[in-house]
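Everything on this sheet refers to the single structure shown next.
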Amino acid sequence: MSTEGTFNIPIHTPEPAPAGSIVVGHDGSKGAEDALAMALELARKLSAPVVVSRAWSIATAPRPAGWEFGYVPAMDEFTAAVREELERDAHPVAEKFPGVQITYEPVHAPPAKSLIAISHDALMMVVGTRGRGGLKGMLLGSVSEQCVRHAACPVLVVRPRD
C-alpha cells in the first residue's frame, strides 16, 4: 500500500484480475452502464468472467450502514458500502446476463491507476466515456485515455449510442 491518498490514508493497490477475464470500470454513470453491457455481452460470447471495478475515495464513498454523526467508520466499512452501491448500480444490466460470472472489486485508489492494475493479466479492459471534452477534459484528464495509453491489455472504449 502507498500513502498517496488524502490525509495520508493508504491507497489500496489491487491484485490483478484472473487471466482471461474482462475488467470493466463502473462509476455509476450512463457511460459505465454502456461499458458494462458491452463487457457482459463480450464475456458471454467468449465464456470469460467479468470483474466490475469501482475506484473510490473517502469523498466519493457512500456512508456505511452504521455511520452516525461523530463516528469515523473503518476503511473496511467504507469498502463494504462501496461494494453494495456498485452491485446495486450494476444489477439492472448484470441480471440480463445470468450465465456470466461476475465479481465486484471496489478499490480505494484513483480510477485509471486501479483499472490499469486490476487489468494487468486480463483479456481486455472495457471503459465508458462521460463525454468531457475540450478544455475541461484536458485539465481533468481522461480515465479512458490513461487506460488506453498505459494498460497492459487491450482496452475497449465504449462511446454512448445516440
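Here, each number is a calculation from the coordinates, and none is a lab measurement. In this text, all values refer to a predicted model and were calculated from it rather than measured experimentally. When we count neighbours, we look across all protein chains shown, and the Cβ atoms used for this are built from the backbone with ideal geometry, even at glycine.
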| request: Hand me the tally of lysine pairs in the chain: alpha carbons under 22 angstrom apart, and the pair either on different chains or 8 or more positions apart. | output: 5
| note | For the range 37-93 the mean separation of alpha carbon contacts under 8 Å (6+ apart) over residue count, i.e. relative contact order in percent, is 31 percent
| field | the chain: angle of helix 75-94 to the longest principal axis, Cα-based, in degrees nearest 10 | value | 30 degrees
| request: Using a/c under 1.5 as the rounded threshold, could you call the range 72-131 rounded, prolate or oblate? The axes a ≥ b ≥ c are square roots of the C-alpha gyration tensor eigenvalues, and prolate needs a/b larger than b/c, oblate otherwise. | output: oblate
| Label points 7 Å out from Cα along the Cβ direction at Thr103 and Ser47: separation in nm? | 2.0 nm
| request: Provide the packing ranking of 151-161, 94-104, 20-30, 43-53, i.e. peptides ordered by the mean count of other C-beta atoms within 10 Å per residue, highest first. | output: 20-30, 43-53, 151-161, 94-104
| request: Please determine, in degrees from 0 to 90 and to the nearest 10, the orientation of helix 30-46 with respect to the longest principal axis defined by the Cα atoms of the chain, where the helix direction is its Cα long axis. | output: 50 degrees
| task | Return the percentage of antiparallel bridges among DSSP beta bridges fully within the chain, rounded to the nearest 5 %. | result | 5 percent
| the chain - percent relative contact order, Cα under 8 Å, separation 6 or more | 33 percent
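Charges at C-beta only: +1 for Lys and Arg, -1 for Asp and Glu. How large is the resulting dipole of the chain about its Cα centre, in Debye rounded to 20? Spell out each step's value before the answer.
Details: 15 positive and 18 negative charges, 123 e Å.
In total the dipole reaches around 580 debye.
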| query | Between the range 50-68 and the range 108-124, what's the alpha-carbon centroid distance in Å? | reply | 17 Å
| message | Restricting to DSSP H runs of at least four residues, report the calculated mean residue ellipticity at 222 nm for the chain, -39500 (n - 2.57) per run over all residues, nearest 500 deg cm²/dmol. | response | -11500 deg cm²/dmol
